[in-house]
1. Looking at the chain as a GNM with Cα springs under 10 Å, which of 23, 173, 240 has the largest mean-square fluctuation?
2. Under the classification rounded if a/c is under 1.5, otherwise prolate if a/b is larger than b/c and oblate if not, where does region 169-240 fall, given a ≥ b ≥ c as square roots of the Cα gyration tensor eigenvalues?
3. Per DSSP helix of 4 or more residues, -39500 (n - 2.57); summed, then divided by the residues of the chain. What does that give at 222 nm, rounded to the nearest 500?
4. Taking the chain as a Gaussian network, Cα atoms linked when under 10 Å apart, which of 93, 299, 58 shows the biggest mean-square fluctuation?
5. Give the calculated FRET efficiency between residue 147 and residue 293 to the nearest 0.05, with a Förster radius of 51 Å applied to their Cβ-Cβ distance.
6. Using only Cα atoms, tell me the angle between helix 86-96 and the longest principal axis of the chain; keep it within 0 to 90° and round to the nearest 10.
7. Please check which bits of region 202-233 a label hung off residue 154 would reach, taking the label as a point 7 Å along Cα-to-C-beta and the cut-off as backbone N under 16 Å.
8. What FRET efficiency do you get for residue 175 and residue 277 if R0 is 30 Å and r is their Cβ-Cβ distance, rounded to the nearest 0.05?
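All of the numbers you see were taken from the coordinates with simple rules; none came from a lab. Computed from a predicted structure; not experimentally measured. Note that each Cβ is placed from the backbone with ideal geometry, even for glycine, and that neighbours are counted across all protein chains shown.
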Amino acid sequence: MKLAVTGSSGHLGEALVRVLRGDGHVVTGIDLMSSPFTTHAGSIADRAFVRGALAGVESVIHTATLHKPHVASHAKQEFVDTNVTGTLVLLEEAVAAGAASFVFTSTTSAFGHANAAPPGAPAAWITEDVVDVPKNIYGVTKHAAEDVCELVHHEHGLPVVILRTSRFFPELDDRDDVRAEFADANLKANEYLHRRVDVEDIVHAHVLAIARACELGFARYIITATTPFTRDELPELGRDAASVVRRHYRDVDAVYARLGWRLFPRIDRVYVNARARAELGWTPRYDFRRVLDLVAAGEDPRSSLARTIGAKGYHAEATGVYTTR
């Protein structure tokens, strides 16, 4: 199959190009920046450029975006140009090229204020049915891009699958208080309980989305590690998350004590991947149990794909805690 991957010089884009080419697909990589994984360097908002890049393509995977770390460094108009206009151009040119499907990489950040329960309140149970309350231009434009995907599907019949990924970036957390309180590896391990996913599992979800898009027509899924928690545990997660975690993982204290790690005192939201597992047939390999076993054995808890790609950063120059490209 001939596929196009936008954002091919980025973290997820490179991962997709690596895996898809390894599976025997012909992959056109599209990105503003040149790289060994990018065959067409240019803007996704440039219609003529996109038309040429999508010639003969059978499916489009759209990962290119301005991210949350760009909120402080880029104007709102730039977010609209890239995240909304760029998505519209890609969709329309995919239709014009006769593509059979379109997979759009979105984000759980689109849930915005719906994500987080206030202190003392039960944790929020986040499924695809939760109504978005975007809290920054990143969330606003990703939500709008999803709406454009649905509109083009209804107008042209293009099968579209939207994958809302939770955290998978390898960079340090952007919150000063969190970085001061938790070692980075400790923080990321904790997040597998409720809001993190390995890039290998994300790639697998995209591969399944390509295969199932025509059958699904239009669908939206949360892509995150499988949580051990249930809805009945949400009140306690909001008060004393560590006690809930200990009930599920009796060895967690021993493993964490050896590493000098700590559990979160409370958890404010839980992302739920049940629909993606049921409808896509997706089975993520990396969850808190696997991470706990790996660190207990002294091994790196990341997939080999995540380790190969490493950190890329978001800016041409160092900005805050983010690395350079």
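1. Looking only at 23, 173, 240, the largest GNM fluctuation is found for 23.
2. Because a/c hits 1.5 or more and a/b fails to exceed b/c, region 169-240 counts as oblate.
3. -12000 deg cm²/dmol
4. 299
5. Given R0 = 51 Å and the Cβ-Cβ separation, E is 0.80.
6. 50
7. 217-220, by backbone N distance to the label point.
8. It comes out at approximately 0.50.
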